[in-house]
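Novice: One structure is given below, represented as structure tokens, and several questions about it will come after.
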Amino acid sequence: MKTSESIDNLAPALLAAQSQIGNATKNAKNPHFRNNYADLGSVIDAVKEPLNKAGIAILQSLSEGADGLHLTTRLLHTSGQYIEDTAFTPLPKNDPQGVGSATTYLRRYSLAAMLCITQEDDDGVAAMPVKPVKSQPKLESTKPTNDDPF
């Protein structure tokens, strides 16, 4: 992770923003794995307003390397102070669709990691009543009794 020389203005602003940031809502379905996930829009929706109110902007820039894509996510404060980090992924396909897919993936995961957010459970499990655990039937004692000749 890289930072500006000082982050004395950014740190309290980031703390204020994080106290207002919620988790991203799972709003998209992965057809290959049949699971739900929070798409890029959901992650941005979870963080943008609290960050902006605290004077922090999100910048994400893409650069190409011989080995794949590099995405730098920077949190830039109105004071000019910043925190940034760069993520990498190889290209799944070396065409515009592959670049687009990899870019979206990097943007989503980098932003979520930098701001320590997770994806909320949206499958209703949390709202379902807890089923009582069935107790195991008691086994008869195998301890010999007094009328047992052995």
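The values are calculated or read from the model by the stated rules, or taken from the named source; none is laboratory data. Computed from a predicted model, the values in this text were never measured in an experiment. Cβ: placed from backbone, ideal geometry, glycine included. Neighbour counts: every protein chain shown.
Novice: Looking at (1) modelled with pLDDT of 90 or more; (2) surrounded by fewer than 18 Cβ atoms within 10 Å (Cβ to Cβ), can you tell me which one Ala66 breaks?
Specialist: (1)
Novice: Restricting the range 85-136 to residues that are of a type in the set (S, T, N, Q) and in contact with a strand residue (DSSP E or B) (Cβ under 7 Å, 6 or more places away or on another chain), which is modelled with the lowest pLDDT? Give the steps one after another, and end with the answer.
Specialist: Going residue by residue through the range 85-136, those that are of a type in the set (S, T, N, Q) are 86, 89, 94, 97, 101, 103-104, 110, 118-119, 135-136.
Among the residues that remain, those that are also in contact with a strand residue (DSSP E or B) (Cβ under 7 Å, 6 or more places away or on another chain) are: 86, 89, 103, 110, 119.
Working: Thr86: 96, Thr89: 93, Thr103: 90, Ser110: 91, Gln119: 64.
The residue in question is Gln119.
Novice: Identify, from the list Leu40, Leu69, Leu62, the residue that is farther than 21 Å from Leu14 by Cα, touching a residue at least 40 places away in the same chain (Cβ under 8 Å) and not basic (Lys, Arg). Can you show your working first?
Specialist: Working: Leu40 fails: farther than 21 Å from Leu14 by Cα; Leu69 fails: touching a residue at least 40 places away in the same chain (Cβ under 8 Å).
After ruling out the rest, the residue left standing is Leu62.
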